[in-house]
Every structure is written in structure tokens, then in C-alpha cells.
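The values are calculated or read from the model by the stated rules, or taken from the named source; none is laboratory data. Quick caveat, the model's predicted, so the values are computed rather than measured. Heads up, the Cβs are rebuilt from the backbone with ideal geometry, glycines too, and the neighbour counts pull from every protein chain shown. The area values use the complete protein model at the heavy-atom level, side chains included, leaving out ligands, DNA and RNA. Shrake-Rupley method; radii C 1.70, N 1.55, O 1.52, S 1.80 Å.
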Amino acid sequence: MPHPLGTTPSKIIAVHLNFRSRAKERGRIPAHPSYFLKPPSSLAGTQEAIVRPRGCELLGYEGEIALVVGSRAGRVRPEDGWRHVRWVTAANDAGVYDLRHADRGSNLRSKGADGFTPLGPRLLDAAELDPGALRLRTWVNGELVQDDTTDTLLFPFGELIADLSRLVTLEPGDVILTGTPAGASVVAPGDVVEVEVGDGRLSTGVLRSPIAEAEHDLEPWGAQPRTDRAEQEAAYGAAYVPRPLLDQRIADGLRSSAVATISAQLRRRGLPHMSIDGVHPATAGTRMVGVAHTLRYLPLREDLFEKYGTGMNAQKRAIEELQPGHVLVMDARRDTSAGTLGDILALRTQQRGAAGVVTDGGLRDSAAVADLGLPVFHGGAHPSVLGRRHVPWDTGVPIACGGALVQPGDLIVGDDDGVLVVPPDLAGELIADCREQERQERFITEQVRAGASVDGLYPLGPTWREQYRTWCAKSTNEAKSTNEGEQA
């Protein structure tokens with residue numbers, strides 16, 4: 001069934017964030033609305049399939065309320081904006097996150113494909129509606145996944161009309177997609193998305209969109225589908241279940257090995273400079289294992305701080321980019337005369353599921369941070385904010401922290417002795433050798449306690465090898481007997 005507008009609008013304008021529930025889900029509340037354009041060729045009606053391009057996996061649905069402009073609007077006031085709306089209908093702002101990288105910021109190919117803006121099935125007369133009392137619902141395969149009302153909008157409809165019309169003349173027939181609530185996620189071929197808008201008396205009816213797979217491969221010229229963990233999280237929203245950054249066996253193996261032992265094994269492999277020097281735990285007894293996510297500070301320049309140091313700066317972006325299992329590693333040039341993290345951002349880091357924080361700079365609110373229980377290693381406590389010495393510059397780049405080169409994706413381990421960088425490809429063999437080294441050290445400790453000289457014993461020399469093998473066999477048998485006894 002064709003879309004109900006009858007004519008082709010000059011433009012389709014979509015709002016990025018507008019429902020409070022969606023803003024909470026995204027972790028940010030914008031001060032002002034922002035927009036992107038969808039081509040009129042993306043329009044479709046009810047029962048028309050939304051076709052996912054081959055090679056794409058992250059086809060997202062977003063149930064929305066669509067406004068259809070009825071009279072020309074230029075530089076109108078917020079209180080007059082609703083008067084320029086003629087119709088209200090249901091919409092699905094579909095898009096493939098796999099192509100967001102292709103037109104970063106414009107969403108042209110990710111949101112603008114043919115059929116990616118279903119509307120309908122009926123138009124409701126705006127004059128008969130209270131714009132603050134509409135209800136939007138979305139179902140996927142019959143299950144209700146979105147349910148919200150327009151009294152929770154960040155930017156009411158009249159304000160959107162006024163804001164847009166300051167610079168862009170709205171023409172009759174233009175469509176404004178007013179944002180989606182929480183619950184938007186990913187669908188696949190075979191699924192069915194349904195959207196309805198109403199006020200308890202009047203209803204648009206159900207806009208029904210089956211999901212299909214394209215019958216042809218995406219042509220090889222031009223940008224190809226690509227995704228990463230950040231796009232997956234954005235696409236799935238609250239339904240996103242991240243895959244572990246680190247294999248659990250590797251995590252457990254590194255956690256069971258002392259940092260001093262790992263350091264010795266790295267040195268044996270010709271890697272003696274893997275220690276992040278000068279940092280200590282905010283809480284004694286801390287153990288930390290995770291995957292590096294990096295943040296770099298540069299020296300303060302007052303003329304650049306306003307541009308780079310305020311708002312959603314690199315420091316805050318780095319924290320919002322964290323995935324469960326990340327360790328946020330900060331390069332502050334070993335300058336501890338200003339804080340690089342405080343209690344509020346440490347709390348947010350913990351809420352993001354981070355495995356810890358390492359900074360070779362200063363830590364503010366050190367007592368409060370220690371009370372969080374989040375593993376934090378720092379160069380020293382300092383009361384001042386970062387703007388005294390640092391400008392947050394960039395994230396996800398190789399850095400120097402405490403004299404060590406840290407790349408995003410490196411493994412980070414820490415305990416009371418300090419923090420080490422572990423190359424991921426060495427982790428498995430390191431764990432095996434660490435276990436053997438620590439077993440030898442337990443044997444050596446027993447012999448020293450019994451009065452043996454360390455000569456030829458530490459490190460374990462040839463004269464002690466046979467006794468060590470006997471000790472290992474005895475320990476293995478004792479452990480086996482204990483296990484059998486517990487099972488019986």
C-alpha cells in the first residue's frame with residue numbers, strides 16, 4: 001500500500017534525540033534538538049517490506065510520530081508552531097548501522113535507502129489532537145517493545161517547528177520525524193515491525209512493515225558494510241548484550257598470577273619495559289585485569305582549553321566509550337599536579353562495567369574513589385581539577401603511561417606491586433609459565449623455611465631438580481586424594 005501523503009514532500013527531517021527515555025538509554029541529554037535529512041525516495045506505506053541490504057546485520061527500527069506540515073512556516077514562534085502541522089501519523093525511522101561510517105553525521109545511506117521511512121496507514125487531523133497527549137507504541141513480532149507518551153518529550157512539537165523554521169522554510173507536505181523512545185533495537189529478515197500512534201480516541205491504525213533480505217549483493221563500488229562494538233551497542237540499545245572483551249580463562253589465569261611473576265616472565269621474553277611506573281592502588285589489596293581503552297592528555301594551553309576541554313570532551317567521551325572489561329588507561333605525562341579523574345566520573349566508569357582505571361597523573365576525591373571498590377591505580381592524590389595542567393585530547397590511540405607504551409586492546413594487570421602491560425598474543429603462554437614459576441617458588445619457600453641455603457636453590461638449580469619433581473608428584477597426588485574425598 002503506498003504511503004498516505006498523496007504528494008512527495010520537499011524534505012523529510014528527523015530528530016536525533018527527543019524522548020527522555022531514549023536520552024537516558026543513550027546516556028546523554030541534549031541541550032537543543034539536532035536533525036538529519038532523509039530523502040523523499042525513502043518513503044513507504046504499510047505492508048511494504050523494509051529490505052535489509054546484503055552484508056548488513058544491524059537493521060534498526062525506530063517507531064516515531066510523524067508530523068506533516070500544512071502551511072508554510074518561516075521564523076515562527078514556539079507557541080505558534082503546532083498551528084503549522086496539518087496531519088499526524090505513525091512512522092518507522094529504519095536504518096542500517098553497518099553503513100553509518102559511510103556518511104558519518106548525515107546518515108544518508110544508513111537511513112536513506114528506498115523504503116526506510118514507512119508512514120501511515122492513516123493521517124490524523126492535527127486540529128483534533130492535543131500534541132502533549134499522544135501515545136506511541138511499537139511491536140516486533142507481536143511483542144510490545146516501545147510504549148511512550150508525548151508528555152515526556154525533551155522538545156515539544158511546537159518548539160521543533162520554531163527551531164527548524166529559524167533557518168529552513170518548512171513547506172506544506174514536509175515531514176518531521178520527532179524522535180523515538182526507549183526500546184528501539186535490531187530486527188532481521190522474517191520479523192515484522194508494527195507502529196501505532198493515537199490519543200485514546202483516534203488512532204493512525206497499525207503501520208505494518210515486514211523485514212526482508214535484499215535479493216542481490218550490494219555492489220562492490222562505494223563503502224561496504226562495517227560494524228564494531230560501539231555500533232552494535234548503539235543499534236541494539238537496551239537489548240545489547242556485549243560479548244566479553246577478554247576470554248574468561250585468560251582473565252582468570254592472569255588474575256591468579258602475581259604481577260611480579262608476570263613481570264619476570266615478560267622480561268625473559270625480552271620485554272623488560274612493560275611496567276606502568278609510578279602508580280599505586282587507591283585501595284590496598286586491589287587486583288585488576290582488563291583490556292586497555294586509552295585516553296591522552298596534553299599540556300594545558302589556555303587558548304585551546306575552551307575548545308577541547310569543555311563539554312563532552314575527550315575525557316568524558318572515553319568514559320562513555322567504555323565496555324565491560326575495559327581498563328581506562330590515561331596518559332597524563334606523569335604530571336600529578338592536577339587530577340585526571342574524580343569521584344563522579346569514577347562512578348560513571350564503574351557503571352559502564354569497567355575493570356579499572358590507570359592514570360600516571362593525579363586522582364581527585366581519592367577517599368571517595370577508594371570507597372567505590374573500583375580498581376584505580378594513580379600517580380598521587382591531588383585536589384585540583386584537570387584544567388590546571390591538562391587538556392583532554394583524544395581517545396583510542398597508542399599512549400605513553402608511566403613510561404610504558406600502551407595500545408588499545410593491550411591487556412592490563414595490576415596488584416599492590418604495580419601495573420603491567422601484557423601483549424594479548426602472549427597471554428596464554430605467560431599464564432602457563434607463571435604457574436610453573438609460582439609452583440617452583442612455593443617449593444623453594446618450603447626449603448628455605450626448613451633451613452636450606454638459597455645457593456643453587458633460588459633460582460632452582462640442577463641439584464634440586466630431582467627433589468622438585470618428587471615434590472610436584474607428591475603435591476599432585478595429595479590434591480587428587482583431597483578431591484576424591486570431597487566427592488565421596
On the accessible surface of the chain, probed at 1.4 Å with all protein chains in place, carbon and sulfur together account for a percent value of 51
Could you give me the percent of Cα pairs per 20 Å distance bin for the chain, shortest bin first, beginning at zero and ending with the bin that holds the maximum distance?
-> 20, 39, 29, 10, 2
Among the lysines, which fall within straight-line cross-link reach of residue 11, defined as a Cα-Cα distance under 16 Å, with same-chain neighbours fewer than 8 residues apart omitted?
-> 38, 111
Looking at 117, 205, 51, which one has the Cα that reaches farthest to the positive end of the dipole of the chain (charges on Cβ: Lys, Arg +1; Asp, Glu -1)?
-> 117
For the chain, the charge dipole (Cβ of Lys, Arg +1; Cβ of Asp, Glu -1; about the Cα centre) points to a positive end, and the Cα of 387, 179, 355 closest to that extreme belongs to 387
Rolling a 1.4 angstrom probe over the protein heavy atoms, how many square angstrom per residue are accessible across the chain?
-> 47
Mind checking which lysines have their C-alpha under 21 Å from residue 24, skipping anything on the same chain fewer than 8 residues away?
-> 316
Nearest 20 debye, what's the magnitude of the dipole of the chain about its Cα centre given +1 on Lys and Arg Cβ and -1 on Asp and Glu Cβ?
-> 800
Given charges at Cβ of Lys, Arg, Asp, Glu: the stretch 12-236 dipole, positive-most of 73, 23, 131 = 73
Yeah, the stretch 12-236 with a ≥ b ≥ c from its alpha-carbon gyration tensor (a/c under 1.5 is rounded, else prolate when a/b outruns b/c, oblate otherwise) is prolate
For the stretch 125-212, what class follows from the C-alpha gyration tensor (a ≥ b ≥ c being the square roots of its eigenvalues): rounded when a/c is under 1.5, otherwise prolate if a/b is larger than b/c, else oblate?
-> prolate
With a/c under 1.5 counting as rounded, go ahead and sort the stretch 9-79 into rounded, prolate or oblate using the C-alpha gyration tensor (a ≥ b ≥ c being the square roots of the eigenvalues; past the cut-off, prolate if a/b is larger than b/c, else oblate).
-> oblate
Report, in debye and to the nearest 20, how large the dipole of the stretch 222-311 comes out about its Cα centre when Lys and Arg carry +1 and Asp and Glu carry -1 on their Cβ.
-> 500
Remind me, relative contact order of the chain in percent, using alpha carbon pairs under 8 angstrom and six or more residues apart?
-> 15
Within the stretch 12-236: Cβ-based charge dipole about Cα centre, in debye rounded to nearest 20 (Lys, Arg +1; Asp, Glu -1) | 620
Arranged from highest to lowest average of other beta-carbon atoms within 10 Å per residue, in what order do the peptides 325-333, 311-319 appear?
-> 325-333, 311-319
